[in-house]
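Colleague: One structure, pasted below without further comment.
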Amino acid sequence: MTHPPAPQTDADFAAFATAAWPRLVRTAQLLTGDFHEAEDLVQTTLAKVYGRWRKVPRDGVDLYVRRALVNNNLSRLRRRRVAHLLVPVLPESARHRDAGHAEHVEERTVLLEALADLSARQRTVMVLRYWDDLTEQEIAEVLQCSIGTVKTHARRGLAALRAHPRLASGPPPLAGPSLRTPYGARP
């Protein structure tokens with residue numbers, strides 16, 4: 001006779017939250033476009049997850065927390081009533097100063113700007129797919145939608161990012177393999 005798994009403890013939650021915090025904040029920052037909002041989003045998400053921690057299946061913790069993070073972000077966007085009037089992007093902290101730092105800040109700023117121009121669902125799919133490295137199936141589970149919907153959002157999101165004026169004006173892509181066959185015809 002198999003016994004149901006023991007409920008997760010407060011110590012389990014503390015260990016999980018400590019280990020997952022950097023990853024969740026990075027994902028949330030890409031979803032929100034702002035580090036401070038990202039920290040608030042992760043904190044709110046973890047507080048809500050803690051309330052249900054003993055009922056979260058052990059093998060589905062990451063999926064559950066990602067889904068909660070995405071849902072909380074979408075709820076935050078729906079409730080948003082105040083626009084950022086003073087500064088569109090907060091200045092970076094001084095701890096990152098090094099040679100080439102300005103280029104990294106500029107690249108990150110352009111990327112966050114381009115992501116902010118996407119719809120919330122497209123941005124979520126792009127972040128989960130290309131930064132969290134989830135499969136289309138895993139993203140569909142997080143968003144509770146079909147794989148076809150994930151593929152559509154990914155395709156449209158990539159097209160929008162490629163067409164974004166600040167990203168399109170960047171350096172030309174690196175030369176790749178030739179697109180011609182030995183006989184000169186295109187494949």
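The values are calculated or read from the model by the stated rules, or taken from the named source; none is laboratory data. Nothing here was measured: the structure is a model prediction, and the numbers come from that model. For neighbour counting, all protein chains shown are included, and Cβ atoms are generated from backbone atoms with ideal geometry for every residue, glycine included. Areas reflect the complete protein model, heavy atoms only, side chains present, ligands, DNA and RNA absent. Shrake-Rupley method; radii C 1.70, N 1.55, O 1.52, S 1.80 Å.
Colleague: Order 156, 26, most accessible first, counting only protein heavy atoms with a 1.4 angstrom probe.
Modeller: Values: 156 130, 26 105 Å².
Per-residue accessible area, sorted high to low, gives 156, 26.
Colleague: Could you work out how far apart the two model spin labels at residue 108 and residue 144 are, taking each label as a point 7 Å from the Cα in the direction of the beta carbon, and quote it in nm?
Modeller: 3.4
Colleague: Simple spin-label model, 7 Å along Cα-to-Cβ: residue 167 to residue 74 in nm?
Modeller: 2.2
Colleague: In Å and whole numbers, how far do the C-alpha atoms of segment 6-57 stretch along each principal axis, longest first?
Modeller: Between the extreme Cα coordinates on each principal axis of segment 6-57 lie 38, 17, 15 Å.
Colleague: Heads up, I need the accessible area for residue 16: 1.4 angstrom probe, whole protein in place, Å², nearest 10.
Modeller: We get 30 Å² for residue 16.
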